[in-house]
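The next block holds one structure in the form of structure tokens; read it before the comments.
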Amino acid sequence: MLHQRHPQLNRHGELIHLLSTEGLPRDILTHILDTASNFVSVNDREVKKVPLLRGKSVFNLFFENSTRTRTTFEIAAKRLSADVINLDIARSSASKGESLLDTIANLSAMAADIFVVRHSESGAPFLIAKHVAPHVHVINAGDGRHAHPTQGLLDAYTIGHYKGGFSNLTVAIVGDVLHSRVARSDIHALTTLGCAEVRVVGPKTLVPADMAAMGVRVCHTLQEGLRDADVVIMLRLQNERMSGALLPSSQEFFKSFGLTPERLQWAKPDAIVMHPGPINRGVEIDSAVADSRQSVILPQVTFGIAVRMAVMSIVAGNEA
Amino acid sequence: MLHQRHPQLNRHGELIHLLSTEGLPRDILTHILDTASNFVSVNDREVKKVPLLRGKSVFNLFFENSTRTRTTFEIAAKRLSADVINLDIARSSASKGESLLDTIANLSAMAADIFVVRHSESGAPFLIAKHVAPHVHVINAGDGRHAHPTQGLLDAYTIGHYKGGFSNLTVAIVGDVLHSRVARSDIHALTTLGCAEVRVVGPKTLVPADMAAMGVRVCHTLQEGLRDADVVIMLRLQNERMSGALLPSSQEFFKSFGLTPERLQWAKPDAIVMHPGPINRGVEIDSAVADSRQSVILPQVTFGIAVRMAVMSIVAGNEA
Amino acid sequence: MLHQRHPQLNRHGELIHLLSTEGLPRDILTHILDTASNFVSVNDREVKKVPLLRGKSVFNLFFENSTRTRTTFEIAAKRLSADVINLDIARSSASKGESLLDTIANLSAMAADIFVVRHSESGAPFLIAKHVAPHVHVINAGDGRHAHPTQGLLDAYTIGHYKGGFSNLTVAIVGDVLHSRVARSDIHALTTLGCAEVRVVGPKTLVPADMAAMGVRVCHTLQEGLRDADVVIMLRLQNERMSGALLPSSQEFFKSFGLTPERLQWAKPDAIVMHPGPINRGVEIDSAVADSRQSVILPQVTFGIAVRMAVMSIVAGNEA
């Protein structure tokens with residue numbers, strides 16, 4: 001029962017999988033961020049490598065292609081000295097009619113230690129974690145619209161780094177919140193870490209009023225959303241997902257919710273601007289903002305490696 | 001002349017390539033299985049790595065795509081500390097009109113140590129082994145309908161592990177034996193290792209009577225084939241290969257040769273069930289059998305890593 | 001200003017990027033070749049590995065696919081103990097509309113050390129080197145028709161190895177010089193290293209008279225071009241690039257410029273024959289020549305690994 005509510009934790013309350021930031025206790029979030037902070041310095045060294053995962057096998061199982069995210073996990077694992085196996089799942093046995101769970105059972109039997117899973121269907125990493133052998137740890141690298149927990153954690157790390165904490169902060173998450181697994185993972189991480197206010201900002205089609213149930217403030221104008229914000233997280237407008245008519249056009253979106261230098265002045269003067277990337281210049285964010293001193297988009301990428309190293313080293317150290 | 005009959009052995013009778021289990025002396029088969037048994041324990045350790053192939057370069061040359069088999073060789077090589085290069089041959093110079101032997105000569109010149117070769121044409125690994133520089137060792141990872149020797153060896157390892165030896169055993173290989181390189185490699189390995197009886201079981205279109213020339217017993221009913229068997233090896237029904245009309249349908253096949261719990265009772269009570277994977281549930285094997293305690297399908301995968309480590313470390317240690 | 005003329009060198013005149021052999025001082029060329037000569041012996045050893053780039057991250061950014069060249073860089077980097085990340089750029093964020101420079105900035109932020117860049121557009125590696133963070137070194141692995149400097153250097157290494165120097169040599173470069181980045185990189189390297197005469201040989205459509213401005217002798221017949229040559233470099237006839245009508249046909253080309261054993265006798269008796277590969281047997285080169293004792297095409301491949309190890313280790317050791 002306890003296990004069902006916390007599929008990510010063992011009976012000692014230790015992290016054995018990372019599937020979602022939802023429901024993760026604050027001390028675990030803090031432990032991940034503290035561990036990441038050590039790895040930030042590793043990434044600055046001449047020899048960017050520690051032997052923590054030497055002789056471990058990390059499998060990148062990307063059922064949905066994402067070169068960028070796969071690359072960050074691959075680098076993180078290699079800097080921990082793990083052996084990394086990239087599986088081009090789209091071309092593998094999956095296409096020979098083998099079921100997801102048979103594929104997973106087979107890879108487990110190869111004495112895998114960590115599965116990094118990206119899947120277009122929400123919940124796939126949970127399903128895998130539920131059926132995997134006890135020696136395997138599952139890390140969700142993005143599942144459908146559901147969760148992208150390492151992105152949520154690296155966003156939290158970035159905010160903590162630049163703002164020195166969370167308790168007095170107002171964070172605005174702007175854009176297509178409805179379809180965004182990043183937004184969901186940010187919201188759960190940031191509210192647990194004690195941010196004073198998390199706002200979701202966008203048109204009603206992309207930010208329905210019932211999102212307030214997640215403990216956030218819903219704003220339908222950018223001016224209201226940015227007012228006195230300490231942190232502005234712009235989401236990527238995923239044109240490829242909006243086959244429907246939720247938006248008139250990306251130009252229209254930019255007119256109302258695109259972040260320009262002028263509008264950024266509604267936020268606090270020292271507000272930081274974040275984005276999970278890849279950015280659409282002139283769609284959700286003006287180049288002058290993306291390249292400004294307030295932008296911490298590239299540091300997010302840097303911290304993302306350290307956060308992924310932290311997550312992998314933590315789960316690998318705990319027994320199911 | 002001797003060299004022509006044993007292209008896998010050097011003049012001291014040591015294994016320098018693994019192309020087929022056919023014609024391999026029993027002491028070499030035994031040596032591979034004994035070596036694999038040491039590597040099984042390596043795969044159980046915290047640090048699943050030994051330095052035996054440190055500084056060696058293993059090239060995965062998969063002219064025919066097979067993510068699963070490629071992955072097992074990649075893991076095996078990395079656990080031996082080799083550098084592994086995966087070549088996406090379909091997109092490489094081969095497509096620029098370069099001949100197979102020119103491609104091979106070029107890769108040899110990069111100071112390769114081991115080529116792991118998968119090819120849709122029977123005999124391609126032999127051709128390569130014949131023309132390769134003396135410092136290169138060739139391992140056949142499956143060629144056409146001809147051979148899949150590491151599968152044959154891992155099947156033998158699995159049988160030896162669960163049955164403690166070979167001499168009194170009856171082994172039934174069931175299904176599309178005609179098209180199966182796995183069946184052929186199993187037959188050669190198991191008869192050399194001294195199995196009492198190897199049976200091939202299937203309809204006449206897939207198991208012609210003249211297979212008896214291979215030293216096996218041919219059975220055209222499942223009941224006859226399974227009677228008192230110690231080991232049942234179910235082959236994958238390769239729908240994609242059966243464009244012709246060798247079979248009415250896969251449902252028809254299951255009706256006559258699919259392995260159900262009831263039919264498995266024809267075999268000995270402690271019979272083990274094997275399958276090279278990926279399995280087609282409900283086509284050649286019932287889920288209740290695949291997931292039963294008699295099934296050793298996942299241990300086969302585990303032992304497969306150790307057997308491939310054994311083969312790579314042995315050939316790399318012998319000079320042409 | 002100085003920096004604009006020598007984008008590859010830092011203010012101490014040390015190599016920090018390798019973008020082109022054009023404008024590279026002779027002492028730098030010599031330093032690369034001398035360093036490569038040490039790595040040739042590493043590639044001959046039992047353990048083909050040195051720890052020079054341990055803990056460094058090398059990214060293979062192949063915007064244009066080339067399995068062969070990518071492989072040589074991957075092997076070179078792994079033998080230097082670097083972590084290698086292969087990016088399938090065609091399928092990455094680039095295709096999500098992200099700009100080249102945003103892609104590069106993101107990868108830099110992952111604490112990359114070396115970018116190996118192949119691009120169909122001339123100048124792309126220069127653009128990248130200009131915008132990259134100071135800790136990143138860029139190596140051009142071929143850009144459009146412009147340059148392929150590691151090929152130029154490995155050709156120079158091969159010539160130096162077989163001829164003991166450059167000062168008295170006549171080198172003939174034969175074929176589609178106009179479209180060849182290899183030819184251009186060869187010409188710049190060999191003239192700087194002091195070859196007595198570099199000739200470019202081919203029909204007027206592929207070898208325009210104004211190439212003489214590059215300090216080479218232009219020859220429009222093979223006989224004139226090969227006369228008393230010490231080195232013959234045959235270029236690949238890139239059928240795939242010749243959509244226009246620069247040539248009647250490849251048969252026609254072979255009739256006038258294909259290298260046969262008879263024609264090779266026009267060169268010096270101890271002339272060596274080179275080719276960047278993959279060769280088109282019977283198009284630009286006769287099999288009897290390609291496989292002859294004068295051919296050093298495979299040693300070129302071997303030396304290419306050592307030259308790439310040299311370039312990577314040198315640039316990684318110098319600060320921007």
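Just a few scattered comments:
- Across the identical copies, how the A:Gln238 labels are spaced - nm, sorted shortest first, 7 Å along Cα→Cβ: 3.8, 3.8
- Most fluctuating residue given options C:Leu206, C:Leu127, C:Leu29, as computed from a GNM of chain C linking Cα atoms under 10 Å: C:Leu127
- With its label point put 7 Å out from Cα toward Cβ, A:Arg11 sits 6.5, 6.5 nm from the same residue's point in the other copies, in order from shortest.
- Backbone geometry of region C:69-76 corresponds, through the Karplus equation with coefficients 6.51, -1.76 and 1.60 at θ = phi - 60°, to 3J(HN,Hα) couplings of 5, 4, 4, 5, 5, 5, 5, 4 Hz, x marking Gly and Pro.
- Residue order, fewest to most beta carbons within 10 Å, for A:Cys195, B:Cys219: B:Cys219, A:Cys195
- For the residues B:Ser99, B:Ser122, B:Ser167, a GNM of chain B with alpha-carbon springs under 10 Å puts the largest fluctuation on B:Ser99.
- With loop membership from DSSP and a limit of 16 other Cβ atoms within 10 Å, the longest segment of chain A without GluC sites (Glu not before Pro) is A:122-318.
- Other residues within the sphere of radius under 14 Å centred on the Cβ of B:Thr170, judged by their own Cβ, net out at -1 (K and R +1, D and E -1).
- For B:Met214, label point 7 Å along C-beta direction: distances to other copies, nm: 5.8, 5.8
- Over region C:149-296, all Cα pairs binned in 10 Å intervals from 0 give whole-percent P(r) values of 12, 47, 36, 5, 0, listed from short to long.
- Here, region B:30-167 yields an orientationally averaged convex hull projection of 9.3 nm² when only Cα atoms define the hull.
- Among the listed pairs A:Lys49/C:Lys49; A:Lys48/B:Lys78; A:Lys49/B:Lys78, none has a Cα-Cα separation exceeding 23 Å.
- Euclidean distance between Cα centres, region B:1-72 to region A:257-320, Å: 48 Å
- For residues of C:76-86, the mean tally of beta carbons on other chains within 10 Å: 4
- Charge tally for C:Val201 (other residues, Cβ to Cβ under 10 Å; Lys, Arg +1; Asp, Glu -1): +1.
- Taking every alpha-carbon pair in chain C and binning the separations at 20 Å intervals from zero gives 33, 57, 10 percent.
- Built amide H within the under 5 Å cut-off of B:Leu259, gap 5+: B:Ile285, B:Asp286
- Angle of helix A:181-192 to the longest C-alpha principal axis of chain A, folded into 0 to 90 degrees and rounded to 10: 90°.
- Hull shadow area, averaged, region A:1-77 [alpha-carbon convex hull, nm²]: 6.9 nm²
- Shielding by other protein chains, A:105-115, mean Cβ within 10 Å: 6
- Sequence-ordered 3J(HN,Hα) estimates for region A:30-39 from the Karplus curve with 6.51, -1.76 and 1.60 and θ = phi - 60° stand at 5, 4, 4, 5, 5, 5, 4, 4, 5, 6 Hz, glycine and proline given as x.
- Unit Cα scatterers, Debye sum, the protein assembly as shown: log10 I(q)/I(0) for q = 0.05 Å⁻¹: -0.34
- Per-residue mean of C-beta atoms belonging to partner chains within 10 Å, peptide B:197-206: 0
- Under-5 Å amide H pairs with A:Ile139, H placed in peptide plane, nonlocal only: A:Leu18, A:Phe115, A:Val116, A:Val117
- Tilt relative to chain B, helix B:297-317 - C-alpha long axis, 0 to 90 degrees, to 10: 30 degrees
- The HN-Hα couplings worked out from phi for region A:266-280 by the Karplus form 6.51 cos²θ - 1.76 cosθ + 1.60 (θ = phi - 60°) are 5, 6, 5, x, 9, 4, 9, 10, 10, 6, x, x, x, 6, 9 Hz, whole numbers, x standing for Gly and Pro.
Where a number appears in this text, it was derived from the coordinates with a stated rule and is not lab data. These figures come from a predicted structure and were not determined experimentally. FYI the Cβ positions are ideal-geometry reconstructions off the backbone, even for glycines, and counts take in every protein chain you see.
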